[in-house]
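A short write-up of the structure that comes next.
The values are calculated or read from the model by the stated rules, or taken from the named source; none is laboratory data. Because the structure is a prediction, the values reported are computed rather than measured. Positions of Cβ are backbone-derived with ideal geometry, glycine not excepted, and every protein chain shown enters the neighbour counts.
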Amino acid sequence: MIVGLLGCGIVGKSVLQIASKKEDIKIKRILVRTLRDDHRMTTDFMDILHDQDIDTIIEVMGGLHPAYEYISMSLKAKKNVVTANKAVAAAYFDELNQLALDNNVSFMIEACVGGGIPWIKELKRVSRFDEITSISGIFNGTTNYILSNMHAYDADFDVMIKDAQNKGYAESDPSADLEGYDIVNKLALSVDVAFQTFLNPSSIPVFGISTIKKEDIAYFKSKGWTCKLMAFAQKYQNSISAFCMPTLIKDEISSQINANLNLATATSQFLGTIQLIGQGAGGDPTASAVISDCYDIMTNLHYFDIHHSYPLNLSMTSYPFYIRLEKSVFHEELGISYEYDEKYVYIQTAKMTIIEIFKIIDRYRCNDFFAALIWR
């Protein structure tokens with residue numbers, strides 16, 4: 001396999017390191033912003049696209065553009081594409097998958113979800129012989145690290161963000177992680193593969209952890225709960241639900257997934273429940289998934305089946321929720337249990353649908369407010 005590598009950041013460098021030890025994978029050209037002391041490097045994508053020796057493109061640039069254009073052109077040029085870019089893969093999954101099919105090449109996304117966890121491969125394998133009915137998981141190592149340490153050390157949220165950044169678990173701008181947008185892209189791709197459909201990530205309701213406080217953690221611990229930022233999707237007969245929000249759990253495997261680990265769970269009709277745990281991010285785990293996709297391409301062509309078009313339905317299932325907001329803005333009966341301190345009211349609600357809780361979230365989002373699903 002002769003490869004053109006797009007991007008040479010943390011993941012790209014790990015791809016180079018692993019590929020250098022493989023006799024059957026050769027990185028011929030590398031697209032970079034600034035040339036360095038490597039004759040393979042170029043700042044012009046066309047040098048790679050027009051190289052007839054290159055049969056596979058590995059895209060680890062990140063961002064929607066120009067990654068989308070580069071991937072599209074590569075597939076049209078009949079080059080296989082392996083990407084770790086969850087944003088572009090989720091937004092354009094159906095289009096890029098169809099381009100691969102039309103041009104008899106592979107489009108591979110294992111590294112987009114779960115880092116080194118073979119999650120996409122497992123979903124694809126199970127969906128061939130069984131009907132997957134639900135998926136869920138902890139799909140973001142940054143938020144899991146922050147929440148785990150807030151629970152363990154009674155630490156302030158801002159302190160744990162800086163700690164995660166110092167350890168390389170969080171970006172300088174961590175908003176995509178903290179607001180849940182990173183997880184939404186991963187959930188959309190998981191839904192696409194598991195349910196053989198296309199779900200636009202922009203349609204998935206999401207509430208992140210950027211407003212969580214020590215007071216929330218103290219309340220959770222008093223109830224025996226652990227807080228995790230989780231994603232959920234459920235398949236019904238003719239529709240699906242999908243959402244992402246903080247979730248309070250007791251005595252579940254997910255409550256024991258700490259630091260920057262990820263947990264991916266799928267339930268199917270005959271196989272039952274499967275769970276995969278592992279490093280969900282970082283250069284080496286993600287690069288390992290990229291190289292694994294390359295070896296899969298060498299054994300066979302790979303793309304994804306899209307047979308269905310399911311509408312999003314957020315009114316089929318109800319859950320109880322936790323809400324914390326300032327007493328000064330609390331003017332309505334939201335719950336069945338209330339506790340107060342000098343500043344806040346802590347509420348446990350009756351069961352309500354995802355549509356109903358996100359109406360409340362949208363109403364109070366600009367205030368000093370936090371909400372979480374209570375998983376019983």
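Kindly provide the set of residues from segment 235-254 that are buried (at least 19 other Cβ atoms within 10 Å of the Cβ) and either of a type in the set (Ser, Thr, Tyr) or more than 16 Å from Thr142 (Cα to Cα) (or both), ordered by number. Can you show your working first?
First, pick out the residues of segment 235-254 that are buried (at least 19 other Cβ atoms within 10 Å of the Cβ): 235, 240-249, 254.
Lys235, Ile240, Ser241, Ala242, Phe243, Thr247, Leu248, Ile249, Ser254, listed by residue number.
Hey, which of the helices (runs of 4 or more DSSP H) in segment 36-135, taking only ones fully inside, have at least 1 residues that are within 20 Å of the chain's Cα centre (by Cα) and modelled with pLDDT of 95 or more? Working first, answer last.
Working: elements: 45-49, 67-76, 86-91, 93-102, 119-129.
Counting at least 1 such residues, we get 67-76, 86-91, 93-102, 119-129.
So the check is Cβ under 8 Å with 6+ separation or different chains; which pairs have a first residue in segment 236-255 that's over 19 Å from Ile360 (Cβ atoms) and acidic (Asp, Glu) and a second one that's modelled with pLDDT under 95 and surrounded by fewer than 23 Cβ atoms within 10 Å (Cβ to Cβ)?
Sorted first by the residue in segment 236-255, then by its partner, the pairs are Glu252/Trp375.
Please enumerate the residues belonging to segment 138-160 that are among the β-branched types (Val, Ile, Thr), modelled with pLDDT of 95 or more and buried (at least 17 other Cβ atoms within 10 Å of the Cβ).
Of all residues in segment 138-160, those among the β-branched types (Val, Ile, Thr) come to 138, 142-143, 146, 159.
Filter once more, so that each one left must be modelled with pLDDT of 95 or more: 138, 143, 146, 159.
Listed by number, the residues that qualify are Ile138, Thr143, Ile146.
Report the residue count in segment 262-296 for those that are of a type outside the set (Val, Ile, Thr) and either under 11 Å from Ala111 (Cα atoms) or part of a helix (DSSP H, G or I) (or both). Give the steps one after another, and end with the answer.
The initial filter retains those residues of segment 262-296 that are of a type outside the set (Val, Ile, Thr), namely 262-264, 266, 268-272, 275-276, 278-285, 287-289, 292-296.
Narrowing further to those that are either under 11 Å from Ala111 (Cα atoms) or part of a helix (DSSP H, G or I) (or both): 280-285, 287-289, 292-296.
Residues meeting the conditions: 14.
Show the residue pairs meeting these rules: Cβ distance below 7 Å; 6+ apart or different chains; first residue within segment 315-335 and assigned by TED's automatic domain parsing to the domain that holds Lys223; second residue hydroxyl-bearing (Ser, Thr, Tyr) and part of a loop (DSSP other than H, G, I, E, B).
Within 7 Å, the pairs are Met316/Tyr236.
Filter segment 8-32 down to the residues that are of a type outside the set (A, V, I, L, M, F, W, C) and touching a Lys or Arg at 6+ places or on another chain (Cβ under 9 Å) and list them by number. Even if it seems obvious, please write down each step before you answer.
The first filter runs over segment 8-32 and keeps only residues of a type outside the set (A, V, I, L, M, F, W, C), leaving 9, 12-14, 17, 20-24, 26, 28-29.
Those that are of a type outside the set (A, V, I, L, M, F, W, C) and touching a Lys or Arg at 6+ places or on another chain (Cβ under 9 Å): Lys28, Arg29.
Report yes if Thr299 is closer than 30 Å to Ile18 by Cα, among the β-branched types (Val, Ile, Thr) and in contact (Cβ under 8 Å) with a residue 24 or more places away in the chain, otherwise no. So that I can check it myself, show each step before the final result.
On the way: closer than 30 Å to Ile18 by Cα: yes; among the β-branched types (Val, Ile, Thr): yes; in contact (Cβ under 8 Å) with a residue 24 or more places away in the chain: no.
No: the conditions fail for Thr299.
Quick check on my filter: what residues within segment 136-161 are outside any loop (DSSP other than H, G, I, E, B) and closer than 20 Å to Lys86 by Cβ? Before you say what the answer is, go through the steps one by one.
If we filter segment 136-161 for residues that are outside any loop (DSSP other than H, G, I, E, B), which is where we start, we get 136-138, 141-153, 157-161.
Within segment 136-161, Ser136, Gly137, Ile138, Gly141, Thr142, Thr143, Asn144, Tyr145, Ile146 qualify.
Give me the residue from segment 1-19 that is surrounded by fewer than 20 Cβ atoms within 10 Å (Cβ to Cβ), among the aliphatic types (A, V, I, L, M) and within 12 Å of Ala287 (Cα to Cα) and, out of that set, modelled with the lowest pLDDT.
Filtering first and then ranking leaves Ile10.
For Phe195, work out the one condition from (1) in contact with a strand residue (DSSP E or B) (Cβ under 7 Å, 6 or more places away or on another chain); (2) of a type outside the set (D, E, K, R); (3) free of Cβ contacts under 8 Å to residues at least 12 places away in the same chain it doesn't fulfil.
Exception for Phe195: condition (3).
Within the group Ile109, Ile135, which residue is of a type in the set (A, V, I, L, M), within 23 Å of Leu16 (Cα to Cα) and buried (at least 20 other Cβ atoms within 10 Å of the Cβ)? Full working, then the answer.
Working: Ile135 fails: within 23 Å of Leu16 (Cα to Cα).
When all the criteria are applied, what remains is Ile109.
Kindly list, by first and then second residue, each pair from a residue in segment 209-230 that is under 25 Å from Ala176 (Cα atoms) to a residue that is basic (Lys, Arg) and part of a strand (DSSP E or B), limited to pairs with Cβ atoms under 8 Å and residues at least 6 apart or on different chains.
Lys213/Arg324; Glu215/Arg324; Asp216/Arg324
Can you report the number of residues in segment 332-346 which are of a type in the set (A, V, I, L, M, F, W, C), out of contact with any Lys or Arg (no Cβ under 7 Å at 6 or more places or on another chain) and closer than 17 Å to Arg363 by Cα? Spell out the reasoning first.
Of the residues in segment 332-346, the ones of a type in the set (A, V, I, L, M, F, W, C) are 334, 336, 345.
The next check asks that each one be out of contact with any Lys or Arg (no Cβ under 7 Å at 6 or more places or on another chain); those that pass are 334, 336.
So of that shortlist, the ones also closer than 17 Å to Arg363 by Cα come out as 334.
So the count comes out to 1.
Counting only residues that are within 16 Å of Ile54 (Cβ to Cβ) and either outside the structural domain of Met61 (by TED's automatic domain parsing) or of a type in the set (Val, Ile, Thr) (or both), how many does segment 6-29 have?
Residues flagged as within 16 Å of Ile54 (Cβ to Cβ) and either outside the structural domain of Met61 (by TED's automatic domain parsing) or of a type in the set (Val, Ile, Thr) (or both) within segment 6-29 amount to 3.
Name the residue, out of Ile291, Ile347, Ile360, Ile323, that is surrounded by 13 or more Cβ atoms within 10 Å (Cβ to Cβ), touching a helix residue (DSSP H, G or I) at 6+ places or on another chain (Cβ under 8 Å) and more than 30 Å from Cys112 (Cβ to Cβ). Don't jump to the end; show me each part of the working.
Numbers: Ile291 fails: more than 30 Å from Cys112 (Cβ to Cβ); Ile347 fails: touching a helix residue (DSSP H, G or I) at 6+ places or on another chain (Cβ under 8 Å); Ile360 fails: touching a helix residue (DSSP H, G or I) at 6+ places or on another chain (Cβ under 8 Å).
Being surrounded by 13 or more Cβ atoms within 10 Å (Cβ to Cβ), touching a helix residue (DSSP H, G or I) at 6+ places or on another chain (Cβ under 8 Å) and more than 30 Å from Cys112 (Cβ to Cβ) holds for just one of Ile291, Ile347, Ile360, Ile323, which is Ile323.
Suppose we filter Ala188, Ala194, Ala164 for residues that are surrounded by fewer than 24 Cβ atoms within 10 Å (Cβ to Cβ) and aliphatic (A, V, I, L, M); which single one remains? Quick ask: steps written out before the conclusion?
On the way: Ala188 fails: surrounded by fewer than 24 Cβ atoms within 10 Å (Cβ to Cβ); Ala194 fails: surrounded by fewer than 24 Cβ atoms within 10 Å (Cβ to Cβ).
None of the other options fit; the residue is Ala164.
Between residues in segment 158-179 that are among the polar types (S, T, N, Q) and residues that are surrounded by fewer than 16 Cβ atoms within 10 Å (Cβ to Cβ) and in a helix (DSSP H, G or I), which pairs lie under 9 Å by C-beta distance while being six or more apart or on different chains?
Here the result reads Ser172/Gln165, each pair linking segment 158-179 to a residue that is surrounded by fewer than 16 Cβ atoms within 10 Å (Cβ to Cβ) and in a helix (DSSP H, G or I).
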